[in-house]
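**Student:** One structure coming up, written as structure tokens, with questions to follow.
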Amino acid sequence: MRTPRNDQLSQTDRAKGRGHHVPERRCVVTGEVSPVERLVRLALGPDGGIAPDVHGKAPGRGAWIGVDRVTLEAAQAKGKLKAGLARALHEGGFTIPDDLGARIEAQLARATLDRLGLESRAGMLISGNDKIEQAARRGQVRLLLHASDAGDDGRKKLAQAWRVGEDDEGSGREGLVLPVDRGTLSMALGRENAVHLAIVDARAADRVLAHLSRWQFFTGWSRDAANRVSDTDSREPGTGDTSAASAVSGAF
């Protein structure tokens, strides 16, 4: 299947060399080079202020970071962030907002939830326990998501249906717990009581994961499992704990 120009490639696609070349950039905090899809761009505005640009589309000069919020704020407090930006931007006459970390987190949250909204309107997302369970048992689910306050029983039941549908019983495959509760998720999607979600298209799952992984990494939110079936039937399990992350306030 052809990957549309603006779609994110799955890890399997990248490993097989499919799709367009993914550019890389250097993190101004660590100096490490990574694909831009794993980084967050900081843009220099016309007023001399630094602002997050999570979509990487703001005009003018910019630099990139590939660290979590705790590391970013520590680097900002020690002056390391400003020094790295000065080298990357070739000037020092800029200002960094004290709440830069919070602004980045809010933008990453909004980008992920907006992506879910787009997939919902395109018919790639379903909600409701019964609908998800039926689709999962038929092998139609590509990504299973839960609100942070979803009950364990509901999560386990849907995960079991997913494993049955993929002939993957005993694997421990589960869905991902989002860093927002059902209220925020319902508001973002314009649905009542959105607790569990399922993506039923492989490319749509890739697009959602591209945003979600950056959001989770930046906030330090660990995943229960990053298990998905791609269009090549590759399985990419991940690990993590279920510790709660701080609320994304002010983003919605």
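The values are calculated or read from the model by the stated rules, or taken from the named source; none is laboratory data. All values derive from a computational prediction rather than experimental measurement. Here Cβ is always computed from backbone atoms with ideal geometry, including for glycine, and neighbour counts include all displayed protein chains.
**Student:** Any residue in the range 198-215 that's crowded, with 23+ Cβ neighbours inside 10 Å: show its pairings with residues that are modelled with pLDDT of 95 or more and among the polar types (S, T, N, Q) at Cβ separation under 6 Å, as long as the two are six or more apart or on different chains.
**Tutor:** What qualifies is L212/T112; W215/T112.
A quick yes/no check of all residues on (1) polar (S, T, N, Q); (2) more than 17 Å from S213 (Cα to Cα):
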residue	(1), (2)
G56	no, no
A77	no, yes
A83	no, yes
I104	no, no
Q107	yes, no
L118	no, yes
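**Student:** Here are some residues: A188, A198, A161. Which one is modelled with pLDDT of 95 or more and under 17 Å from E119 (Cα atoms)?
**Tutor:** Selected residue: A198, the only one of A188, A198, A161 that is modelled with pLDDT of 95 or more and under 17 Å from E119 (Cα atoms).
**Student:** G31 passes all but one of (1) at pLDDT below 95; (2) more than 26 Å from A106 (Cβ to Cβ); (3) exposed (fewer than 14 other Cβ atoms within 10 Å of the Cβ); which number fails?
**Tutor:** (1)
**Student:** Only one of (1) in contact with a Leu (Cβ under 8 Å, 6 or more places away or on another chain); (2) at pLDDT 95 or above fails for R41. Which number is that?
**Tutor:** For R41, the failing item is (1).
**Student:** Considering only the range 122-140, state which residues are surrounded by 12 or more Cβ atoms within 10 Å (Cβ to Cβ) and more than 20 Å from the chain's Cα centre (by Cα).
**Tutor:** G128, N129, K131, I132, E133, Q134, A135, A136, R137, R138, G139, Q140
**Student:** So how many residues does the range 164-195 have that are part of a helix (DSSP H, G or I), without any contact (Cβ under 8 Å) to a residue 40 or more places away in the chain and either in contact with a Cys (Cβ under 9 Å, 6 or more places away or on another chain) or not hydrophobic (A, V, I, L, M, F, W, C) (or both)?
**Tutor:** 4
**Student:** Those residues that are surrounded by 17 or more Cβ atoms within 10 Å (Cβ to Cβ) and either under 20 Å from G123 (Cα atoms) or of a type in the set (D, E) (or both), I need them from the range 165-175; list them, please.
**Tutor:** E166, E174, G175
**Student:** Looking only at the range 141-153, how many residues end up being crowded, with 16+ Cβ neighbours inside 10 Å and either of a type outside the set (S, T, Y) or part of a helix (DSSP H, G or I) (or both)?
**Tutor:** Residues meeting the conditions: 8.
**Student:** Can you find a residue in the range 196-203 that is assigned to a helix (DSSP H, G or I) and more than 14 Å from the chain's Cα centre (by Cα)?
**Tutor:** Yes, the range 196-203 contains a residue that is assigned to a helix (DSSP H, G or I) and more than 14 Å from the chain's Cα centre (by Cα).
**Student:** Tally the residues that are at pLDDT 95 or above and loosely packed, with under 13 Cβ neighbours inside 10 Å, restricting the search to the range 91-113.
**Tutor:** Matching residues across the range 91-113 total 3.
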